[in-house]
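Computed from the coordinates by the stated procedures, all read-outs in this text should not be read as laboratory data. Values in this document were obtained by computation on a predicted structure and should not be read as measured data. When we count neighbours, we look across all protein chains shown, and the Cβ atoms used for this are built from the backbone with ideal geometry, even at glycine.
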Amino acid sequence: MALIKCPDCGADVSDSAFSCLTCGKTISAREQVAVGRTKWEAGTIIAALIGLLALIVSGYTAWVQREQVRAQVWPHLLVGFADPEGELVAINKGVGPAIVRGVEVTVDGRPQPNWRDVFDALGMATDNFQMSTLDKNVLSPNERLDFMSLKSPTDYKRFCNAFTSGRVAIDICFCSTLGDCWVQAKQKKHGSFDVQRVSVCPRLSSKARFLD
């Protein structure tokens, strides 16, 4: 049994009663059904709102948890020159592994497949260098990789000048363990590197990919 309001005096009346005990108003079956329908509709709306609120809270909680995980595995790859060693180095300053997905090295805008071709394109023609493969490598937090070093100070200076003048450009795409990706690219105006967020790493053709 439930209570409904008398349509005349507003007193509480049983939904099974035929008249109001306070004012004597006859409660028709239609009025009983109408009141019951109103209560049912109101209850349905409230339940739907509660369900929607729970869904929003659940989605927000999942988003917060994912952002926390992202912060725990965030990589930050820095590339630069190490003097006086004459080395080109990559250092992961993030808190998670940096997964290198692709490397592109160009001279005067033309992709080069390896360091020997880079030096030939610069007119250096030197064999006095060492290198470690950066492409497809994984750098742990605070790990440093000397991926190219020139033993001759003269060659090293020529290479640095070619880089700062804009002749040499190095683009490196790396990702976190969650698949978030960034491109470490050279700024043409300043000769330094800039990190930009990307949705996915660019697909490099076999001619554009740097293999060393």
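Its Kirkwood hydrodynamic radius, worked out from the mean inverse distance over all distinct Cα pairs, puts segment 113-175 at 13.0 Å. Taking the alpha carbon gyration tensor of segment 82-212, multiplying each eigenvalue by 5 and rooting it gives semi-axes of 24, 16, 14 Å, largest first. What the pair-distance distribution of segment 86-135 shows, using all Cα-Cα distances binned every 10 Å from zero, is 20, 47, 26, 7 percent. With a simple spin-label model that places each label point 7 Å from the Cα along the Cα-to-Cβ direction, the separation between Ser205 and Tyr60 comes to 5.0 nm.
Let me confirm the definition first: pairs of Lys residues in segment 132-204, 8 or more apart or on different chains, C-alpha distance under 25 Å. How many are there? Step by step, the pairs that qualify in segment 132-204 add up to 5. In straight-distance terms, cross-link reach from Lys207 covers every one of the aspartates and glutamates whose alpha-carbon lies under 19 Å from its own, apart from those fewer than eight places away in the same chain; here that gives Glu104, Asp108, Asp117, Asp120, Asp135, Asp171.
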